[in-house]
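Following: one structure in structure tokens, then a few remarks.
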Amino acid sequence: MHGRPRKAPKPEDEAASTAKAQKLRALQSQFFSFHHDKIYTKEAVELSAKLLEINPESYTAWNYRKLAVEHYLSQPECNPDSVKSVLDDELRVVESALRQNFKSYGAWHHRKWVLSKGHSSINHELRLLDKFQKADSRNFHAWNYRRFVAHLMNRSEHDELKYTEDMIYTNFSNYSAWHNRSVLLSALLEKKAEGFLLKENVLPEEYEFIHQAIFTDPDDQSGWFYNLWLLDQTVTTDSPLLVSTWPTHGSDVLILRDGCQNGSSFSPFTTLHSESGSFPIVLYFNQPVEGVNSSTVTIECGFNKNGYLLWEPLSVSNSQAAQVWVAHLKFPTSELDSSVEVSVGHSKGIISTRGFQYCHPSSFSFNVHVQPVEKDSFQVSVAESILWREENFKVYSAQSEESIPIATFDQLCIKDGHDSTASNWRTEALAKEVECFRELLSLMDCKIGKLTLARLLTAYDAMSFPFANKLVHSEEVLKLYNDLMKLDPTHHRYYKDEHSLVVLQKMTSSKESLLQHCFQYKDSVSSVIANPICLRLNNLSLSRIGAFEKLLWVQMLDLSHNELQSIEGLEAMQLLSCLGLGHNKLRSITALEPLRKLKSLRVLDISYNQIGDHSIDTTRYLCSSPLSHSVGSELNTDETVISDAALVNYWEAFYMFKDLKLNQLDIVGNTIADEKFKSALVKIMPTLKRLDDELLN
Amino acid sequence: MDDIPPYPPIDPTTFDLIVIGTGLPESIIAAAASTASKSVLHLDPNPFYGSHFSSLPLADLPSFLSTHSTSPSSPRPHSSEDSNEFSVLDLSTRPLYSSIDISCFSPDLLDQNSRKFNLDVAGPRVFFCADKSIELILNTGANQYMEFKSIDATFVGDNKGNLLNVPDSRAAIFKDKSMGLKEKNQLMRFFKLVQGHLAGELDVKISDEDLQSPFVDFLNKMGLPPKIKSFILYAIAMADYDQEDTGVCRDLLKTKDGIDQLALYNASIGRFQNASGALLYPIYGQGELSQAFCRRAAVKGCIYVLRMPVTALLVDKDSGCYKGVRLASGQDIFSQKLILDPTFKVTLPSGSSPPPPLQAKLPFFSQKDDRGKIARGICITATSLKPDMSNFLVVYPPRSLFPEQATSIRLLQIASNLAVCPPGMFVLYISALCDGDDQGKKLIHAVMNTLLTVPPINSESNAAVQSETTESGCAVQDETAESSSTGPSDPGEGKPTLLWSALYNQDLTLGQVDFICSTPMPDGKLNNDYLIDVAVKLFKKIYPEDEFFPQTSSENPEDDGDGDVSPET
């Protein structure tokens, strides 16, 4: 059924198809008139059958037949026998339609509908399926229907698993069969059926099985998909975990109300500036979770007596699940020195998107020091601009006892701890896989093998050294991605992205390597950044950014001179106040969406990107539109602004920037940045003081 | 042969071609000649079709073998003097089987069922789904007289009785439990290389230099481990001789030939939808094939006379040219051409010297060609060698059973679902090329001892071929027979118990293209490709102007074939 070349139609075929079309048109118009007049006589119903036999794709005809059946069932004269015969007729029509086209969605759906009525015998169905699965063993419609029938018949998962295995043995190049296997195994594991109690007993056999396929024919992709599913099953812990937080456990946070730090002994890494009278608390999980609220996350401190906090999911989509959650804790105006303890998951309710409970209750605490306002420094720094120039940065020399708040597990008080045996089998399984794929690559050069090995090593490092922050295999992984970029240019961008992530993970894996990228901005300190430490990740040819869980503390970030097309995930860096994205490959305003979540962002450099170069915005679909409900309501509140004709043309800019309180924006060097656009920006952001290094009034 | 019924006279008395013997090559030639509108008389001294290619009932096999194992006791007295026109050259049979050894351990069981057996004289023999014989069967329409079933699997055996599945396809490699991941990868890559080469993909083309080099060298060059090399050489390419010992190897496979064999194997898998593997076997035995061609010939007007021995050839006195044959009935029949079964040889007329032109030819014709022998064995058991499988092939590569084993030994198990034996029994055909009788016996015994429980025999005098001796030998073995028939599984080792066996060595003869054309004996290969080549060659020799089975446009043999190959469902 697959890989058959299409033949060009012969003249006689075309004639036949014209004749067929004519016949079909006549049938169709008659059918539509019956349908319109709600005529369900025998003749009318037979006509629809005729139509479907020629064209099984006629959804209207299928729906008409459903109506006809319902009509019949509502008649007083119908009895169980006649109902059965009417439904059997439907099954016959479906069968002949499927013979015409066994991939007809409408026909398969109709069959499901008929069977759901519960009057038909289902014993015939498996035989029918055998026929279709013999004709095309991959036909996913048939497989899908098979799952439906198996459920209806209460066929055991074991039987279906055996059937699927037989199909795989006949020809393992069968995506549908492998998929069905993963569905069945998931069900068995979830039920904790006999023999499927523990993943660690089931998965090794599955690995063994899939290796046979991968080694026999590494070019066949169907097996790799199953392998990827297994890898996911191995790596992903069922229960979500808290990976990092800001502030980190045991840290001393100094908050400057409106001024700058004045010779205090606090580490610049944990000093921040707050105009709003609150500071963020960030929770970073290993997978998206729901249900983070003031009952699942409790807070104890001297100044927030009722303990209520509004937790917000940080995700660009409007979903209620997110990997990162933030809450803003208000502090009193007076000078303060208080400790805060945050407890996560002591009462149930945090649930992963896959339905698993957070079950590692943990807590972290930190001290907050609020420094009173110092008016002098406030005035001095008003008009100062941030310039991302090399001479403005100097290597940061850390004070001896200073700790960079790289959040790690060991800094969290995880009371329950991880079940070490449970993670042992995962590490062992990964180690085995690594060995296996090294062997495959020793036999042949195989791109999917390299990719899998790279993924395995990354996962292995992440799993075996969660506390030590070591990435022992990062060099090997980087080499693999470099090879892949050469070997498989079609997917260069993907490999480049992965490469970038590993580079960042490696860089953030130790204090020493991270410090190499920490610079001090000027001698004098700007008002907008209480913390003069700038993390400079410029000139690294990064195409994607990651490792956010290690970078929650960053307030000033230089990502200039990279190859970024997206800044996905950047919304996690809630403390960010200065962001340099100059000289990248951002192509649209909508690509900046993550910035909307950064409430403290004041200085933004997006100069010399490609915004406006391309008429087609490839990230557009990811972004909400003014027509979607969520944004629409926001727009209404600002009708005065939207009524401005100039802004209507730049609604994306309006949408993106209106909630940002930027003081300084650099946008020069983008096609979009003409005078009209810039004047629109000024209207959108009344807070803006500098645009492209020009002081605004 | 004393009770031969009176022969009816044959009319007409002149034909284009007389074919003597209904073995496979003779039957093909008879069918081809009939199709080319020749008048053909096809004779066989036996009361059945197939001659040395026949499938015989259990009781008939020993007598057939013994008939062809001895030189005629005494030359028949001259039936007539030379006439004026031609000289009479007496035909005698030559011994083609030697060292015949029939053992019976369960006489009652077998006596009751003797007629239910169809034992191949020339076993083990199978078809590859894409080989020349299947092509010929489909092209000639002979498939309408035959039905086939798929052979379930091929194994490679070792001296401990283990049978390793031969992974001969992608699905089989995937499913295989005995190979490591590395081996699976290597083997599949090799298959892909061969497939790519055959498909003409330029980047995987095998160089001419490699194609001309020994196949085993090429396999080494590809870095294939010994086990996989052995699979490819002996269980897929079906090499006869030890490819890694040039001292004993008489047929060193070139890469080109090896690739051709793999191509045949590859094309065979999946050729027919209802045949799972590469190999086929005909229902009712291999004898069906010769018979199918005879039927094909008969449809085209060929006249068949069985039970009709030929006593002499008639040759022109002056030129020494062939004229006709003298039948056992005394009738002389004349034809332009003659095809002779390998059973016969010409004896010089006693007392008188042959006509001068024959003096040069006869010694050559009557000389025994020395192509060595093939040892064959037929064993009957009541249990399968593999509990869950009926029909399969086992190959023992050279040196796999004992160090001096120089040739491959092949074993084919066929079950009752192919109508070769009564239900619940299995027939094992074993063969191996050998030089002499002792060596042949050793090869066959090595397999039997590895796989079967052979009940003890009281009188070892089985070398004497009298069937009476054998039967009396059996009588003593009643107890063994009883136990083996009631409880077939031997609790000791779990090996099937031998119920009956026939071991014999068969001479290999070349077909001859000379003043008289004679056909070859069954060869040592697993399929019939060589025999079909010879048949084509002989046909071309006698009818250079005619086409060998011209394609008729009305038929679409490919379509017919698909439906007929396997009637399993």
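Of note:
- Average Cα contact separation per residue, segment A:242-374, under 8 Å, 6 or more apart, as relative contact order %: 32
- Likely footprinting exposure, B:29, B:102, A:616, fewest C-beta neighbours within 10 Å first: A:616, B:102, B:29
- Spin-label pair residue B:217-residue A:41: with each label point 7 Å from Cα along the Cα-Cβ axis, the two points sit 8.6 nm from one another.
- Rounded to the nearest 0.05, the FRET efficiency derived from the C-beta distance between residue A:121 and residue A:228 at R0 = 30 Å is 0.15.
- The 3J(HN,Hα) values that the Karplus relation (6.51, -1.76, 1.60; θ = phi - 60°) gives for segment B:100-114 are, in residue order, 6, 9, 9, 10, 10, 10, 8, x, 4, 4, 7, 4, 4, 10, 3 Hz. Gly and Pro appear as x.
- Taking other C-beta atoms within 10 angstrom as a stand-in for reagent exposure, A:602, A:354, A:99 fall in the order A:354, A:99, A:602, fewest first.
- Cross-link partners of residue A:7 among lysines (Cα-Cα below 16 Å; sequence separation of 8 or more within a chain): none
- Exceedance of the 28 Å cut-off in Cα-Cα distance is limited, within the set B:317/B:541; A:599/A:689; A:199/B:192; A:103/A:162; B:323/B:373, to A:199/B:192; B:323/B:373.
- Going from the residue with the fewest nearby Cβ atoms within 10 Å to the one with the most, B:154, A:458 rank A:458, B:154.
- Model label sites at residue A:14 and residue A:275, defined 7 Å from Cα along the beta-carbon direction, differ in position by 7.0 nm.
- Here the simple spin-label model places points 7 Å from the Cα toward Cβ, and for residue B:7 and residue B:111 these points are separated by 3.6 nm.
- Whole-Å distance, taken between Cα centres, linking segment A:223-237 and segment B:126-168: 41
- Selection of GluC sites (Glu not before Pro), segment B:174-239, meeting DSSP coil and at most 13 other Cβ within 10 Å: B:201
- Distance violations [Cα-Cα > 22 Å] among A:450/A:486; B:160/B:256; B:254/B:441; B:300/B:540: B:160/B:256; B:254/B:441
- Rounded to 0.05, the FRET efficiency of the residue B:267 and residue A:510 pair, given R0 = 56 Å and the Cβ-Cβ distance, is 0.40.
Every read-out reported here was derived from the displayed coordinates using simple, explicitly stated rules and does not represent laboratory data. These numbers come from a predicted model, not from an experiment. Heads up, the Cβs are rebuilt from the backbone with ideal geometry, glycines too, and the neighbour counts pull from every protein chain shown.
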